[in-house]
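*Asks:* Have a look at the structure that comes next, please.
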Amino acid sequence: EAQVTQNPRYLITVTGKKLTVTCSQNMNHEYMSWYRQDPGLGLRQIYYSMNVEVTDKGDVPEGYKVSRKEKRNFPLILESPSPNQTSLYFCASSLKGGLFNSPLHFGNGTRLTVT
Amino acid sequence: GQQVMQIPQYQHVQEGEDFTTYCNSSTTLSNIQWYKQRPGGHPVFLIQLVKSGEVKKQKRLTFQFGEAKKNSSLHITATQTTDVGTYFCAGPTGGYQKVTFGTGTKLQVIP
C-alpha cells in the first residue's frame, strides 16, 4: 500500500531533550516536506527536500533540522525542543516539486508536547 | 512573505445548507490545490486548479480559480455530515518548491 509513515504518533518530552520524528514513503517520491499545524495558523512548512541531499528552509525552520540521505526517508530533528514547538506535525511527499501537478500525500501526524 | 488567507475560519451549517470557503493570496499563484482534513486525520488532496477562471466539479463540490489567479473558492451544495472537517487551500511558492497553505476553514454540519 502506497503510504507515508510517521513515527511516533504521540510524543511527550521535556525542554532541551533532543528528539527525532521519522518519516518514510514507499512511493519513490522525489519531494518530501514537514509541516506544523497550529490552531488558527493552518499548516506551515518547516523544511522541504527536492531530492536526496537537497534540503531547504520553509517558512518556519527555526529550531528544526532535517536530513535526506535516502530518497525514502526524511527525519525531522529537534536538537533542543522548547515549549513553543508543541504542535501537530505532518510529513508529506509528492512525486515532483512542491505542488507541480502532483498532490501531497500526508502521513498520519505526530502530536508533540514539550513541557 | 507570501500569505494565503482563508475565510471564514469556522462555519456551522444545518445539514442540507450550502457552504463556501474563500482563499485569497497576496501574490499570483501558478496553481492551487485544495485539501480536506477530517477531525483527527491528515490532509487529503481534493483537486488542483491551474487555469485562470477554471471551474471544476466533484459531485456536490465546486472549485473555482479566480481570473487573476490570486483567489479561489470551494462551494459545497447541500452539505452532509460526511463533509465535516477542515478545508485548506495551498499554493506553490519559490518556484514550485515551497508550499504555502491557507489558514483553513473548519466546517461543522449540524444534523
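*Asks:* Using the structure shown, decide if residue A:65 is basic (Lys, Arg), open to solvent by 50 Å² or more (accessible area, probe 1.4 Å) and away from every other protein chain (no Cβ under 14 Å).
*Replies:* yes
*Asks:* Of all residues in segment B:92-111, how many are at the interface with chain A (Cβ under 9 Å from one of its Cβ atoms) and either open to solvent by less than 60 Å² (accessible area, probe 1.4 Å) or not aromatic (Phe, Trp, Tyr) (or both)? Give the derivation first.
*Replies:* Taking segment B:92-111 and keeping what is at the interface with chain A (Cβ under 9 Å from one of its Cβ atoms), we get B:92-104.
With either open to solvent by less than 60 Å² (accessible area, probe 1.4 Å) or not aromatic (Phe, Trp, Tyr) (or both) added as a condition, the list becomes B:92-95, B:97-104.
Total satisfying the criteria: 12.
*Asks:* If I ask for residues that are within 18 Å of residue B:46 (Cβ to Cβ), crowded, with 20+ Cβ neighbours inside 10 Å and not hydrophobic (A, V, I, L, M, F, W, C), which ones from segment B:66-91 would you list?
*Replies:* Selection gives B:66, B:72, B:79, B:85, B:86, B:87, B:91.
*Asks:* Out of everything in segment A:50-60 that is out of contact with any Gly (no Cβ under 8 Å at 6 or more places or on another chain) and buried (at least 17 other Cβ atoms within 10 Å of the Cβ), what residue ends up being farthest from residue B:43 (Cα to Cα)?
*Replies:* A:55
*Asks:* Something else: Taking segment A:7-28 only, how many residues are within 21 Å of residue B:99 (Cα to Cα) and open to solvent by less than 60 Å² (accessible area, probe 1.4 Å)?
*Replies:* Residues in segment A:7-28 being within 21 Å of residue B:99 (Cα to Cα) and open to solvent by less than 60 Å² (accessible area, probe 1.4 Å): 5 in total.
*Asks:* Scanning for something modelled with pLDDT of 95 or more and loosely packed, with under 15 Cβ neighbours inside 10 Å, does segment A:85-95 turn up at least one residue?
*Replies:* No, every residue in segment A:85-95 fails to be modelled with pLDDT of 95 or more and loosely packed, with under 15 Cβ neighbours inside 10 Å.
*Asks:* Could you name every one of the strands (runs of 3 or more DSSP E) located completely within segment B:1-65 that has at least 3 residues being open to solvent by less than 60 Å² (accessible area, probe 1.4 Å) and at pLDDT 95 or above? Let's see the steps before the verdict.
*Replies:* Values: elements: B:4-7, B:10-14, B:19-25, B:32-37, B:43-49, B:55-58, B:61-65.
It comes to B:19-25, B:32-37, B:43-49, B:61-65.
*Asks:* Among the listed residues A:31, A:47, which satisfies the condition of being modelled with pLDDT under 95, surrounded by 15 or more Cβ atoms within 10 Å (Cβ to Cβ) and within 24 Å of residue A:59 (Cβ to Cβ)?
*Replies:* Matching residue, one of A:31, A:47: A:31.
*Asks:* Then there's this: Need pairs with beta-carbon distance below 6 Å; first residue at the interface with chain A (Cβ under 10 Å from one of its Cβ atoms) and among the polar types (S, T, N, Q) and within segment B:34-45, second in a strand (DSSP E or B) and surrounded by 18 or more Cβ atoms within 10 Å (Cβ to Cβ); sequence gap 6+ or separate chains.
*Replies:* What qualifies is B:37/B:43; B:37/B:85; B:37/B:86.
The values are calculated or read from the model by the stated rules, or taken from the named source; none is laboratory data. Everything quoted here is computed from the prediction, not taken from an experiment. With ideal geometry, Cβ positions are generated from the backbone for all residues, glycine too; neighbour counts draw on all protein chains shown. The protein model used for the area step is the full one, side chains on, heavy atoms only, and it has no ligands, DNA or RNA in it. Shrake-Rupley method; radii C 1.70, N 1.55, O 1.52, S 1.80 Å.
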